[in-house]
1. Test of understanding: what is the full-extension gain from residue 34 to residue 103, defined as 0.36 nm times their sequence separation minus their Cα-Cα distance?
2. Report, as a whole number in µm² per second, the diffusion coefficient that Stokes-Einstein gives for the chain at 25 °C and 0.890 mPa s using the Kirkwood radius over alpha carbon pairs.
3. Provide the FRET efficiency to the nearest 0.05 for the residue 67-residue 46 pair, computing r from the beta carbons and using R0 = 22 Å.
4. With unit charges on the beta carbons (Lys and Arg positive, Asp and Glu negative) and the dipole taken about the Cα centre of the chain, which residue among 169, 71, 48 sits farthest to the positive side?
5. Under a point-charge model restricted to the Cβ atoms of Lys and Arg (+1) and Asp and Glu (-1), what is the dipole moment magnitude of the chain relative to its Cα centre, in debye to the nearest 20?
6. Taking the full set of protein chains and a 1.4 angstrom probe, give the accessible area of residue 220 in square angstrom, rounded to the nearest 10.
7. Got the relative contact order for the chain handy, in percent, Cα pairs under 8 Å and 6 or more residues apart?
8. What stretch of the chain, leaving out the sites themselves, is the longest with no GluC sites (Glu not before Pro) in a DSSP loop having at most 15 other Cβ atoms within 10 Å?
Amino acid sequence: MGNIETKNGIPLYEQVYSALCRDIDLGIYKSGEQIPAEGYLCEKFHVSRVTVRKALQKMVDKKILVKRHGIGTFVSSPFVESTLAQNSFTRSCEQMNAVPSTKVISVEQEKAACWLAEQLGVKENAKVICVKRVRMANEIPVIFEKDYFSEEHEYILNVDMENVPVRESIVKNTGYEVQRYQDTFDVHFADKEEGEWLLCPAHTALLGVSQIVYGENNKVLYYNEQYIRSDIYKYVTGR
């Protein structure tokens, strides 16, 4: 029966709760990792499913665990915070002692739809470049990102987008410096692709951020969309 005792006066669910907390503290279940299914925990602790569920619910209530509908229960991840002025995923992670990383999903050329042409300041159906990436903190995916560039920035097709910052590549290849941003925030519901990369069900509510990045003389350098797991990565104001 391990650490679970039936005659010590402590409710069984409290003992299961304490045992699981110890496992997390010891690193047996790491941040962002899925914990075993209820059936396994019932066998491990020799307790009923009702007892396990009560222990897990207490851990969810205390934000030690987080439930993802249709997927399972996971160890909560520490929040990564970004100020609006900061505007850097890498810097935000580093300040929160999280390790940032990026995975490029695709780099493709396409024709600009009307709405995209308006954002980039190009003609409808003009050739544009779309880069899809996933941004991760401590190997946990937190942002599904799309960057759109006009044909002028065709060098992007050969840039290492996993390791070289976009703005650094723009300066190196064009000499254009970023001068300002225009951000729009809304609620975005994950589609199938976004859900798969962000490890959440389709239709999960995400924080949507649309950003137009300008250089000198209001020249649009690129357009960016971010779909953010707001349970992990948060924007803060008032600092």
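1. Details: separation 69, 0.36 × 69 = 24.84 nm, distance 2.14 nm.
Net length gain for the segment: 22.7 nm.
2. It comes out at roughly 121 µm²/s.
3. Details: r = 24 Å, r/R0 = 1.09.
For R0 = 22 Å, the calculated efficiency reads 0.40.
4. 48
5. Working: 29 positive and 33 negative charges, 194 e Å.
I would put it at about 940 debye.
6. 30
7. Numbers: 419 pairs, mean separation 38.2, N = 239.
Over the chain, the number comes to 16 percent.
8. Values: sites that count: 5, 33, 124, 139, 162, 177.
Segment 34-123 is the longest.
The values are calculated or read from the model by the stated rules, or taken from the named source; none is laboratory data. Here the structure is a predicted model, which means the values were calculated and not measured. Every residue, glycine as well, gets a Cβ built from its backbone with ideal geometry; the counts of neighbours run over all protein chains shown. Ligands, DNA and RNA are stripped out before the accessible areas are found, and what is left, the full protein with its side chains, is counted by its heavy atoms. Shrake-Rupley method; radii C 1.70, N 1.55, O 1.52, S 1.80 Å.
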